[in-house]
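> Structure provided below as structure tokens; questions to follow.
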């Protein structure tokens with residue numbers, strides 16, 4: 001069995017800021033943007049400029065699990081693919097996506113209240 005690389009250390013570095021941003025999110029669009037920004041920050045820490053990432057390379061998916069989608073372009077990179085397949089990175093991103101989806105659903109459920117607050 002191949003040894004798996006763990007990126008929990010990197011997750012723990014960005015997690016407090018991510019939680020804070022999710023709690024302050026006023027719209028579902030904020031949640032989507034915070035998720036993308038946080039995952040990009042994590043990817044940049046993990047890959048240290050060996051792979052070029054864009055904002056569109058990871059997307060929050062609302063209607064199915066896992067609640068994220070990684071752009072196929074990234075899997076063309078051997079560096080990305082080897083780390084993705086031999087690490088806990090998919091699970092880390094999955095935990096971020098789950099937190100984001102929980103906040104997204106809450107904001108969506110109470111959007112009338114949220115809209116009223118924003119307009120005041």
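Readers should treat all values here as calculations from the given coordinates under stated rules, not as data from a laboratory. Everything quoted here is computed from the prediction, not taken from an experiment. With ideal geometry, Cβ positions are generated from the backbone for all residues, glycine too; neighbour counts draw on all protein chains shown.
> Cut-off is 10 Å between beta-carbons; in what order do 68, 110 appear when sorted fewest neighbours first?
110, 68
> For q = 0.32 Å⁻¹, what log10 I(q)/I(0) does segment 53-104 give under the Debye formula with an equal point scatterer on each alpha carbon and no solvent?
-1.26
> Can I ask one more? Would you work out if segment 16-79 is rounded, prolate or oblate? Take a ≥ b ≥ c from the square roots of the eigenvalues of the alpha-carbon gyration tensor; rounded if a/c is under 1.5, else prolate when a/b is larger than b/c, oblate otherwise.
Verdict is oblate for segment 16-79.
> With the contact rule set at Cα under 8 Å and sequence spacing of 6 or more, what percent relative contact order holds for segment 55-110?
30 percent
> Next up: Compute the FRET efficiency between residue 62 and residue 9 as 1/(1 + (r/R0)^6), taking r as their Cβ-Cβ distance and R0 = 41 Å, and round to the nearest 0.05.
That gives a FRET efficiency of 0.90.
> Counting other beta carbons within 10 Å of each Cβ, put 91, 103 in order, fewest first.
Numbers: 91 14, 103 20.
With the fewest neighbours first, 91, 103 line up as 91, 103.
> Moving on to the next point. Using the alpha-carbon atoms, what tilt in degrees (0 to 90, nearest 10) does helix 89-109 show relative to the longest principal axis of the chain?
Between the helix axis and the principal axis of the chain, the angle is about 10 degrees.
> With axes computed from alpha carbons, what is the tilt in degrees of helix 28-47 against the longest principal axis of the chain, rounded to the nearest 10 within 0 to 90?
20 degrees
> So what is the 222 nm mean residue ellipticity for the chain from helices alone, if each DSSP H run of at least 4 adds -39500 (n - 2.57) and you divide by all residues, rounding to the nearest 500 deg cm²/dmol?
The per-residue figure over the chain is -20500 deg cm²/dmol.
> Sticking with this one: Starting from the 7 Å offset along Cα-to-Cβ, what nm value, one decimal, do you get for the label separation of residue 48 and residue 76?
Label-label distance for residue 48 and residue 76, simple model: 2.6 nm.
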